[in-house]
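The values are calculated or read from the model by the stated rules, or taken from the named source; none is laboratory data. A quick note: this is a predicted structure, and the numbers were derived from the prediction, not measured. Cβ atoms come from the backbone with ideal geometry, glycine included; neighbour counts cover every protein chain shown. Heavy atoms of the whole protein, side chains included, go into the accessibility calculation; ligands, DNA and RNA do not. Shrake-Rupley method; radii C 1.70, N 1.55, O 1.52, S 1.80 Å.
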Amino acid sequence: MPPTPRHEATPRREAEPGGARPGAGPVARPVVLVTGASSGIGEAVADRFAADGRWRLLLGGRDEERLAAVTRRTGGGALRADLAERPGVERFAADALDREGRVDVLVAAAGIGWAGPFTRMPADAVDRLIAVNLTSVVHLVRLLLPQMAERGVGHVVMIGSMAGRVGVANEAVYASTKGGLLAFADSLRYELAGTRVGVTVVLPGAVDTPFFTTRGVPYHREHPRPVSAERVAEVVWRAVVRGREDAFVPGWLAMPARLHGAVPGFFRAMAKRFG
């Protein structure tokens, strides 16, 4: 990813997009492509990168009216995105490359949910969750990563979930799709060793977005309390400019994740008891 112009001074001098240092010279601003940008985390990510002022934004979403409002507010370009089938993913990637000629940062924020006992989950719902939450991300990275790897610099950010790290009752397929992103990300990191192409998975707990309304089952747990989409977006932005890998939101969720890895039997017993 090319270095970008000097930006407004701040107390801490962050690395420029792609790892260059501030003041490295004037070139075209790098391009960030955000999926799911018409609402929720994706919308907040678009706002955060727009506020930074160093990026050209390409924003994908299914709700054209809401997406148009986000693009007007952020100055980004709108791309219709239906990621449930591979041809839609391929059109979306092609449109992004046609529009800007490159994608320097991909933020894969589109996602859907379903809650209820796995034994009652319809087959179509299984297929759609896997298609949108996992398969579309894999294909989108497949289409955009080669250019990043060829340039030797870039960043892929995937919005995962704490559910994908530890599993959650009544969200078996959703958790599986998010767990798949973790394995995908680790595998990519091994392949990209020696380059400046970063791979990040952001793992929030519950987030205060329309996600729960859309899936048809409200969030009912007392802990953890939902965090704002803006808080997740800040972590995404920091992961790109600072080169972080996995990032939990809120940060204390890293502790139960480590507990699950160290003593999984104990963790499962506690999860069954306390939910």
Next item on the list: With the full set of protein chains in place, find how many percent of the accessible area of the chain is carbon and sulfur; take the probe as 1.4 Å.
Entry: 53
Note to self: Along the Cα→Cβ direction, 7 angstrom out, place labels at R66 and L259. What is the inter-label distance in nm?
What the structure shows: 3.4
Checklist line | Summed residue charge, Cβ within 14 Å of G261's Cβ, Lys/Arg positive, Asp/Glu negative | finding: +1
Check: Hey, rough spin-label estimate for R225 and E150, points 7 angstrom out along Cα→Cβ, what's it come to in nanometres?
Finding: 5.0
Notebook entry, point to check: Given a 1.4 Å probe, how much area per residue of the chain is accessible, in Å²?
Noted result: 48
Next item on the list: Enumerate the amide H contacts of G198 below 5 Å, restricted to partners 5 or more residues apart or on another chain; note that Pro and chain-start residues carry no placed amide H.
Entry: G154, H155, V156
Margin query: I want the local charge near P250. Using Cβ-Cβ distances under 10 Å, sum +1 for each Lys or Arg and -1 for each Asp or Glu among the other residues.
Written below: +2
Check: Size of the dipole of the chain about the Cα centre, Lys and Arg at +1 and Asp and Glu at -1 on the beta carbon, nothing else charged, in debye to 20?
Finding: 660
Checklist line | Extension gain from A125 to Y190, taking 0.36 nm per residue of separation minus the Cα-Cα distance | finding: 20.2 nm
Margin query: Per DSSP helix of 4 or more residues, -39500 (n - 2.57); summed, then divided by the residues of the chain. What does that give at 222 nm, rounded to the nearest 500?
Written below: -14000 deg cm²/dmol
